[in-house]
Amino acid sequence: MPNMLDPNLPAFADIQTPALVLDASALQRNITAMAEFAKANGVALRPHAKTHKSTRIAQLQIEAGAVGISCATVAEIEAFAQAGITGLLLTTPVADRPKLARLAAVADQSDISIVVDHADQIHVLHELLDAGSRPLQVLIDIDVGQRRTGIVDTASTLALAQLIDATPGMTFGGIQGFAGHVQHMIDAQERRAGAARVRAMLDEHLHVLAEAGVKAEIVTGSGTGACAYDVTGTFTELQVGSYVFMDSDYGKLEHEGGALPYDPSLFILATVTSVNRAGEFTVDAGVKAMAFNGPVPSLMLGVPEGSTYRFGGDEHGMITMPDGAEAPKLGSRVLLLTTHCDPTVNLHAAYHVVGHNNGVETWPVLARYGA
């Protein structure tokens, strides 16, 4: 693993904690590695903005070869379109009419794509879209086993595709099959088998479409956990996201006998706030600083080796040390690897980005709270 950041860098001294810290070198290595992997396997990249919510990171991904950026919310696609990011795809079907109106407004001004899983979404969008704007590319979301959104049978997929093609101002672009439940399977062989089942389900929908003469140009989905297996066929593009940061959750995954080939880059900078109890100390990073729907930080810098973290409430984290270890000094800093990166980023207003010379820049986090 490359050299890690020093939690007590002078550049961190004036940063109020808890704060989101990003290692720019590790970030760029991850972006380059994924781009080269996709290119070598002849598949496109449309990385997910829900992971980073940063137009700066999105631009780095596009400069490395991504064809566009995936967005999970209307707020994200609004913010990224306004920033001039191209190739945007909204990956979540929207049923809320006010949000559909906002989406139509973006579509009237920018070349975006969306996914749907019900005819009513098409009917409402048709009412809201400017008849004189460019055609809106629409993909169909397929439920590939996550049981969250998506079409569940091939006949409905065909009917919806035909409706899209028959609706003025819209074009059918293809299908989406995102399998979040597969991405986090720890065992590599289990994950490989899960990914194969997803591709087989998508192939059934593609076969029915092809038999009816309906072509799906785009087949989008996959993710950081399964992308190594999903370049073998079916998918034309990958919606990878967490590879840029490699949080504690993805750090558990096995990959052909090792770990996934990406470096940890995103940390929470915290301050030691209490050292009065034997064998443990407190930092100012609790559930308001890190998502707790994943494992606790698997990597901590600036603490005795072998220490473990537990959440201690809204503002507090408790770090237990091995026997005989000496606690860090009160007021010193520690770096905690993010737990689940997407919702952790959503808790913060900005990144503190550490460059090659240990200088720190501030990059804003956009479209927070999932609106």
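For the stretch 1-141, the average shadow cast by the Cα convex hull is 11.2 nm², which is a quarter of the hull's surface. Using DSSP to call loops (not H, G, I, E or B), can you name the GluC sites (Glu not before Pro) in the stretch 296-355 whose Cβ has at most 11 other Cβ atoms within 10 angstrom? Within the stretch 296-355, the qualifying GluC sites (Glu not before Pro) (loop, at most 11 other Cβ atoms within 10 Å) are Glu305, Glu326.
Taking a ≥ b ≥ c as the square roots of the Cα gyration tensor eigenvalues, the stretch 1-57 comes out oblate, since a/c reaches at least 1.5 and a/b does not exceed b/c.
Mind checking the angle between helix 154-166 and the chain's longest principal axis? C-alpha axes, 0 to 90 degrees, to the nearest 10. It works out to around 70 degrees. By the Cα gyration tensor, the stretch 298-344 has an equivalent ellipsoid whose semi-axes, rounded to whole angstrom, run 20, 12, 11 from largest to smallest.
Site pair Glu127 and Val275 shows an inter-label distance of 6.5 nm when each label is modelled 7 Å from Cα along Cα→Cβ. Using the beta-carbon distance between Ser25 and Ala200 and R0 = 41 Å, what value does 1/(1 + (r/R0)^6) give for FRET efficiency, to the nearest 0.05? Approximately 0.55, to the nearest 0.05.
Counting only alpha carbon atoms, the long axis of helix 24-40 and the longest principal axis of the chain meet at about 30°. Along its first, second and third principal axes, ordered by size, the stretch 108-188 spans 51, 28, 17 Å in Cα coordinates. The lysines whose alpha-carbon is closer than 20 Å to the alpha-carbon of Lys53, local same-chain residues fewer than 8 away aside, are Lys99, Lys288. Across the chain, Cα-Cα distances exceeding 31 Å account for 39% of all pairs.
Read the figures in this text as sums done on the coordinates, not as results from a lab. Note that this is a predicted model, so its numbers are computed, not measured. Virtual Cβ from ideal backbone geometry, glycine too; neighbours counted across all protein chains shown.
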